[in-house]
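Colleague: Just passing along the structure, written as structure tokens.
The values are calculated or read from the model by the stated rules, or taken from the named source; none is laboratory data. Keep in mind that this is a model prediction, so the values were computed, not measured. Glycine gets a Cβ as well: all are built from the backbone with ideal geometry, and neighbour counts include every protein chain shown.
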Amino acid sequence: MNCAIFASGGGSNFQELINRKESGDLHVNIALLVGNNSSAFAFERARKHSIKSLHCAPSHFQDEKTYALKLLSVLRENKVELIALAGYMKRIPHEVLAAFPNRIVNIHPALLPAFGGTGLYGEKVHQAVLDYGAKVTGVTIHFVDEEYDHGPIIFQDTIKVLDTDDAHTLARRVLALEHASYWKALEGIASGAISTKGRRVYGLV
């Protein structure tokens, strides 16, 4: 299965997927990296591993439809079958969602539906968890739909929030969960163990 990774920042989840692919654990072809931020370190990771990349931001285009058509053209050119968002900070256009129903996956550093939505990303998520006084947090892997941090859930895993945690330490511990689980979800989809048919998810990691 040809997979495109969308990233906006450092790309540590992208790197973990590369590592799992190179170790033989993950049986997908990472065909393309798409990023909206030209200075994102994810592009350097792609270059180092000879993965094709595209810098494509909505601001480059006159309207969202033109932007969406460019994305679709590149995805089709690279025969992409699955899209994995790895710290991608832009909304996926409707046209792309329609072309890849239940074939776009996201990982979020909290237990959705809590602590998700517009403005909740990175350490802001973990600070919100701490401010609320939650005793448990974790990761959610889900299929992407029209809403931020929404769509059928594939997998969740949890850790306890420690009394000594701040947003930085909590982020580091949750990131370890992300690295341990995201590749398994993609492997499950590629192998057919996780169904992508309809609105219900029939398989779990």
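Colleague: If residue 105 satisfies every condition in (1) touching a helix residue (DSSP H, G or I) at 6+ places or on another chain (Cβ under 7 Å); (2) part of a helix (DSSP H, G or I); (3) touching a residue at least 60 places away in the same chain (Cβ under 8 Å) but one, which is the exception?
Modeller: Every listed condition holds for residue 105 apart from (2).
Colleague: If you don't mind, there's one more thing I want to ask. Of the conditions (1) assigned to a helix (DSSP H, G or I); (2) in contact with a Pro (Cβ under 9 Å, 6 or more places away or on another chain), residue 95 fails just one. Which one is it?
Modeller: Single failed check for residue 95: (2).
Colleague: Now for a separate question. Restricting to region 136-165, name every residue that is part of a loop (DSSP other than H, G, I, E, B), touching a residue at least 40 places away in the same chain (Cβ under 8 Å) and either surrounded by fewer than 18 Cβ atoms within 10 Å (Cβ to Cβ) or not assigned by TED's automatic domain parsing to the domain that holds residue 123 (or both).
Modeller: So in region 136-165, the residues part of a loop (DSSP other than H, G, I, E, B) come out as 144-152, 161-165.
Okay, now just the ones that are also touching a residue at least 40 places away in the same chain (Cβ under 8 Å), so 144-146, 148-149, 151-152.
Of everything in region 136-165, those that are part of a loop (DSSP other than H, G, I, E, B), touching a residue at least 40 places away in the same chain (Cβ under 8 Å) and either surrounded by fewer than 18 Cβ atoms within 10 Å (Cβ to Cβ) or not assigned by TED's automatic domain parsing to the domain that holds residue 123 (or both) turn out to be 145, 146, 148, 152.
Colleague: Right, something else. Please determine, by comparing only the residues of region 131-151 that are at pLDDT below 95 and in contact with a strand residue (DSSP E or B) (Cβ under 8 Å, 6 or more places away or on another chain), which one is farthest from residue 98 (Cα to Cα).
Modeller: Top of the filtered list is 149.
Colleague: If you don't mind, there's one more thing I want to ask. Of all residues being surrounded by fewer than 17 Cβ atoms within 10 Å (Cβ to Cβ) and assigned to a helix (DSSP H, G or I) in region 174-193, which is farthest from the chain's Cα centre (by Cα)? Just the residue, please.
Modeller: Ranking the qualifying residues of region 174-193, first place goes to 191.
Colleague: Here is a list of conditions, (1) modelled with pLDDT of 95 or more; (2) within 21 Å of residue 29 (Cα to Cα); (3) surrounded by 15 or more Cβ atoms within 10 Å (Cβ to Cβ); (4) in contact with a helix residue (DSSP H, G or I) (Cβ under 9 Å, 6 or more places away or on another chain), and residue 196 meets all of them except one; can you say which number that is?
Modeller: Looking at each condition in turn, residue 196 falls short on (1).
Colleague: Residue 128 passes all but one of (1) within 30 Å of residue 69 (Cβ to Cβ); (2) in a helix (DSSP H, G or I); (3) among the hydrophobic types (A, V, I, L, M, F, W, C); which number fails?
Modeller: Going through the list (1) within 30 Å of residue 69 (Cβ to Cβ); (2) in a helix (DSSP H, G or I); (3) among the hydrophobic types (A, V, I, L, M, F, W, C), residue 128 breaks only (1).
Colleague: Look through 77, 95, 123, 81 and report the one residue that is under 21 Å from residue 38 (Cβ atoms), surrounded by fewer than 21 Cβ atoms within 10 Å (Cβ to Cβ) and either out of contact with any Cys (no Cβ under 6 Å at 6 or more places or on another chain) or not assigned by TED's automatic domain parsing to the domain that holds residue 7 (or both).
Modeller: The unique qualifying residue is 77.
Colleague: Tell me, yes or no, whether region 51-58 has at least one residue that is over 28 Å from residue 177 (Cα atoms), outside the structural domain of residue 121 (by TED's automatic domain parsing), of a type in the set (A, V, I, L, M) and assigned to a loop (DSSP other than H, G, I, E, B).
Modeller: For region 51-58, residues over 28 Å from residue 177 (Cα atoms), outside the structural domain of residue 121 (by TED's automatic domain parsing), of a type in the set (A, V, I, L, M) and assigned to a loop (DSSP other than H, G, I, E, B): present.
Colleague: Among the residues of region 59-71, is there at least one that is surrounded by 17 or more Cβ atoms within 10 Å (Cβ to Cβ) and aromatic (Phe, Trp, Tyr)? Explain how you work it out, then say what you get.
Modeller: Here is the first cut: in region 59-71, the ones surrounded by 17 or more Cβ atoms within 10 Å (Cβ to Cβ) are 67-68, 71.
Filter once more, keeping what is aromatic (Phe, Trp, Tyr): 67.
Within region 59-71, one or more residues are surrounded by 17 or more Cβ atoms within 10 Å (Cβ to Cβ) and aromatic (Phe, Trp, Tyr).
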